[in-house]
Amino acid sequence: MANNIPFQPMGKTYQVIAGANANTITITSDSPVNQYLVVSHEKTNGTGHPVYVRISATNSNAALPTANGSYGIPIPPGHMFVFTGPQCSTSKTVYFSVISENDSPEIYITPGEGL
């Protein structure tokens with residue numbers, strides 16, 4: 001259940017490198033959670049581009065936006081957000097897929113609870 005409290009990590013932090021092709025990893029947590037702190041560590045000197053993230057209970061890839069729409073939440077360079085998504089735990093995984101227009105930005109994902 002999502003909580004309206006400061007974000008509390010409840011699992012390991014995972015790193016995933018975005019690129020021109022979708023990169024998907026699985027996430028677990030130390031206890032059942034359904035919120036995720038997502039940090040884009042791409043450079044912010046004016047050359048950075050957003051990273052597109054898809055959170056799913058199934059192995060599904062993020063995609064770059066098109067006129068027809070696509071699955072991927074944009075995260076601007078150097079920003080962090082808390083997302084509510086499918087629940088994960090020690091025995092249940094969630095899939096995080098990332099893609100970028102260029103460069104190789106790093107994304108860090110920490111499961112937990114709170115805003």
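Taking the chain as a Gaussian network of alpha-carbon nodes connected by springs under 10 Å, the highest mean-square fluctuation of the residues 35, 87, 15 belongs to 15. Taking a point 7 Å out from the Cα of residue 39 in the direction of its Cβ, the residues of region 70-108 whose backbone N falls within less than 11 Å of it are 79-81, 107-108.
Can you compute the FRET efficiency between residue 12 and residue 71 using 1/(1 + (r/R0)^6), with r the Cβ-Cβ distance and R0 = 30 Å? Round to the nearest 0.05. List each step's numbers first, then the result.
Numbers: r = 25 Å, r/R0 = 0.83.
Once the sixth-power term is evaluated, E becomes 0.75.
For region 63-115, the orientation-averaged shadow of the C-alpha convex hull comes to 4.9 nm² (one quarter of the hull surface).
Could I get the Rg over Rh figure for the chain? Both from C-alpha atoms, Rh via Kirkwood, rounded to two places.
On the way: Rg = 13.6 Å, Rh = 14.0 Å.
A ratio of 0.97.
Given charges of +1 on the Cβ of Lys and Arg and -1 on the Cβ of Asp and Glu, with all other atoms neutral, how large is the dipole of the chain about its Cα centre, in debye to the nearest 20? Its charge dipole is roughly 160 debye.
Among 26, 58, 84, the largest mean-square fluctuation in a Gaussian network model of the chain, built with springs joining Cα atoms closer than 10 Å, belongs to 58.
Taken together, the values in this text are just the output of simple stated rules run on the coordinates, not laboratory data. Because the structure is a prediction, the values reported are computed rather than measured. A quick note on method: Cβ atoms are made from the backbone with ideal geometry, for glycine too, and the neighbour counts reach across all protein chains shown.
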